[in-house]
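Here's the structure we're looking at; comments come further down.
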Amino acid sequence: MEATCANFEIARTARLLDASRAGFYRWKNTEQREVLTPQQERKALLHERVLAHHEASDGTDGAPRIAADLREETVTAERHS
């Protein structure tokens, strides 16, 4: 969408791509931000820990087992389906 905006106005591009202007600006501002928010840092850390447990089990452990392993490490995580 960003490349298209060089040739067309954002409102028209958003309408043609079935996207919102607000979403485009949110994405653009987030892309330019180098510092993660505390919530983004926690999510990234949790994601790394989940991947590490999954890889350590050769891909056999699912969400319940990984959540139990994380609780043993005192990492707080909720399972969402």
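Extension gain for Glu72-Leu45 works out to 8.1 nm (0.36 nm per residue, less the C-alpha to C-alpha distance).
Across the stretch 46-56, rounded Karplus estimates of 3J(HN,Hα) from the backbone phi angles (6.51 cos²θ - 1.76 cosθ + 1.60, θ = phi - 60°) give 4, 4, 4, 5, 4, 4, 4, 5, 5, 5, 5 Hz, Gly and Pro being marked x.
Taken one residue at a time, the phi angles of the stretch 13-26 give Karplus couplings (6.51, -1.76, 1.60, θ = phi - 60°) of 4, 4, 5, 5, 8, 6, 10, 9, 5, 4, x, 4, 5, 4 Hz. Gly and Pro are set to x. Computed from the Cβ-Cβ distance with R0 of 30 Å, the FRET efficiency linking Ala22 to Arg65 stands at 0.15.
Coordinate-derived values only; no laboratory data. Note that this is a predicted model, so its numbers are computed, not measured. Reconstructed Cβ throughout: ideal geometry from the backbone, glycine too, with neighbour counts over all protein chains shown.
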